[in-house]
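Report on one structure; see the data block that follows.
The values are calculated or read from the model by the stated rules, or taken from the named source; none is laboratory data. The structure displayed is predicted, hence computed values, not measured ones. With ideal geometry, Cβ positions are generated from the backbone for all residues, glycine too; neighbour counts draw on all protein chains shown.
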Amino acid sequence: MPRTPRKGATTANRTAGATAPPVEGAAFGDDWWQRGVVYQVYPRSFADSNNDGVGDLPGLIEKLDYLNDGTERSLGVDAIWLSPIHPSPGFDLGYDVADYDAIDPILGTLDDFDRLVAQAHRRGIRIMLDLVMNHTSSAHRWFEESRRDPGGPFGDWYLWRDGTRDRFGRLRRPNNWTSFFGGSAWTWDEVRGQFYMHTFLPEQPDVNWRNPAVRAAMLTMARGWLDRGVDGFRLDVFNAFFKHADLPSNPRRYLGRRPYDRQVHLYDKDRPELEDFLAEFRALVDSYPGRMTVGELFSADPSLAPRLSAPRHLVFDWDLISQRWNARGFAEASRRHEEWFGPAGWPTIALSNHDQPRQASRLAPAADPATSDAVARAAAVLSLTLRGTPFLYYGEEIGARDVPIPWSEIIDPPAKRGGRLVRRLVPWWNRDQCRSPMPWGDGPNGGFSPVRPWLRMAPDVDRRNVALQDRDPSTVLATYRQLIWLRRSHPALQVGTYRELGATPRDVLAYERATSDETIVVAVNFGSAATSFRVRTGRHWSVLFSTDERPADELAGGDQLTLGSREALILAAQVRGRGSAHEVSDIADTD
Ligand code: TEU
């Protein structure tokens, strides 16, 4: 009986030599936005080439082969989304942009960026930038001009308002809007003698999207990056660009942890004018073949995502990213995706990012390393086989966990704001915990840098790093590699329909991904106990992948499927002419 080798060993065997041939047709064409896998890099934490403790673009270039060298020895991702790389005073670590057209000197130069694009493209890897266009840094020239000269060309580029006076003559803010990072959304500016609005920090003033000059400047900037060869953009908090023209106070609500949550954000985001802007912006992007965008839906009803999505223009909804580790939660989130997006719509699949807990920490809190890795490997199967474009956050491929940061070392502004007491009253999860530098291997600081890194390394870098996992076919890294390359050769996993299979045990989520030529079944046991269920099928199956050791044709003729503890299994129906898709659909129907 043919056997699939032990965990991940298939990949390891095939790619052990340094001479593994590139996989034919490894790169996707213009449809990469849909078929490909996107990898998010937090540049400061990825790879440090100049030993200053901060990751940089030349460092990333050195790691491109790790990301995709055209062989199954590499991770095999199709695109890189770079968190912001522009000059920034760093109040929100790059999400406060001081110059959209340049590269932050701490990360490199424009030449480095051009080299990155060229070298990435040579490997079939696309480059996506993170455009933060809701606000600029208060150090941006536009803001400096705007506050200095209200009547000048930049005077109306931000949301400036006079205050109001209460009956005691005290100065009041223009309305009740709150900042997502705590406190009022209005800050008094001494220079201009007016308040300005900021959805985030006072150092991140919101621009006035109703001003055609702002819009034109943003479009010109985006065109500049497209001309430089950038393949796509993530649009930071894009649904907050437009505010109601009259800036009325938001209605209050009485539930919610943070002051921000205790308002209905009727007037400071999700305004109808967004759609007109999106049409214009997307037309620009679409005029360059093969380019795409993904909008970050900020603090909004996730069901808005499909309405704002379009082919080549994705939207992150935050449904999956907040799920706990249970079959029901993931089943329901996937059902909602199907319902909201419909078969013609296209969701994103993201289980983590630079704002959220690491997926292993969220899905397996307080777990020992083996359990954490088992969950990380099963989660990898979900993120690479559910219907939608997968976005992987750097470090997830080695099963990284959140890194506890002592109070005195916190960098994340909203976590730091207000001191301990306010922090207790206004809880904010410290995002530093999911941004720690990538441990590459031996050497000081997990091989990231010989000097102290800008942010604490994980405490387990000697046991959890790329070099160690690279050598071991049973690791989280081997799982990701195997899955990404498997996905590449199975169109059903990329673009196939999704159908949940019923009558599985409580801890199991099983679904079918199918095209007219191929039917694949994915079954994930979220539980720690093995579980079996009858399958009404005597058909021919092959095991494409399992997180456990399994015979490759175990199900041929069998009718009982047993999943091990936290096992994730991918099966392919052996094609025996038409009808196989129908047969597979019976897999999980118990008699
Ligand atoms: O994030 C918007 C944002 O604040 C949410 O994603 C939020 O962090 C999350 O819901 C927390 O639970 C974007 C960027 O991703 C973030 O890093 C920036 O700080 C923010 O915008 C401001 O630019």
Could you identify the single residue in Ala350, Ala376, Ala360, Ala364 that is touching a strand residue (DSSP E or B) at 6+ places or on another chain (Cβ under 8 Å) and under 22 Å from Ser436 (Cα atoms)?
-> Ala350
List pairs: first in region 66-83 and modelled with pLDDT of 95 or more, second among the acidic types (Asp, Glu) and not in a strand (DSSP E or B), Cβ under 7 Å, 6+ apart or cross-chain?
-> Ser74/Asp65; Leu75/Glu397; Ala79/Asp231
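Examine region 42-58 for a residue that is buried (at least 20 other Cβ atoms within 10 Å of the Cβ), assigned to a helix (DSSP H, G or I) and among the polar types (S, T, N, Q), and state whether such a residue exists.
Yes, because at least one residue in region 42-58 is buried (at least 20 other Cβ atoms within 10 Å of the Cβ), assigned to a helix (DSSP H, G or I) and among the polar types (S, T, N, Q).
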Within the bounds of region 196-217, is there any residue that is at pLDDT 95 or above, assigned to a strand (DSSP E or B) and over 27 Å from the mean Cα position of the chain (by Cα)?
-> yes
Val315 passes all but one of (1) more than 16 Å from the ligand (Cβ to nearest atom); (2) touching a strand residue (DSSP E or B) at 6+ places or on another chain (Cβ under 8 Å); (3) under 22 Å from Arg126 (Cβ atoms); which number fails?
-> (1)
Filter region 321-354 for residues that are within 16 Å of the ligand (Cβ to nearest atom) and either of a type in the set (Gly, Ala, Ser) or under 22 Å from Trp32 (Cα atoms) (or both) and give the result.
-> Ser322, Thr348, Ala350, Leu351, Ser352, Asn353
Can you spot a residue in region 168-181 that is under 30 Å from Tyr39 (Cα atoms), touching a residue at least 12 places away in the same chain (Cβ under 8 Å), among the hydroxyl-bearing types (Ser, Thr, Tyr) and crowded, with 17+ Cβ neighbours inside 10 Å?
-> yes
Can you name every residue in region 124-171 that is under 30 Å from Tyr393 (Cβ atoms), within 16 Å of the ligand (Cβ to nearest atom) and hydrophobic (A, V, I, L, M, F, W, C)?
-> Met128, Leu129, Leu131, Val132, Met133, Ala139
May I ask you to list the residues in region 104-131 that are of a type outside the set (Asp, Glu) and over 24 Å from Phe391 (Cα atoms)?
-> Pro105, Ile106, Gly108, Thr109, Leu110
So is Ala366 aliphatic (A, V, I, L, M), within 16 Å of the ligand (Cβ to nearest atom) and modelled with pLDDT under 95 or not?
-> no
Consider Asp112 against the criteria (1) of a type in the set (D, E, K, R); (2) outside any helix (DSSP H, G or I); (3) away from the ligand (no atom under 15 Å from the Cβ): it satisfies all of them except one. Which criterion is unmet?
-> (2)
Residue by residue through region 143-157, note down the ones that are buried (at least 16 other Cβ atoms within 10 Å of the Cβ) and outside any helix (DSSP H, G or I).
-> Phe154, Gly155, Asp156, Trp157
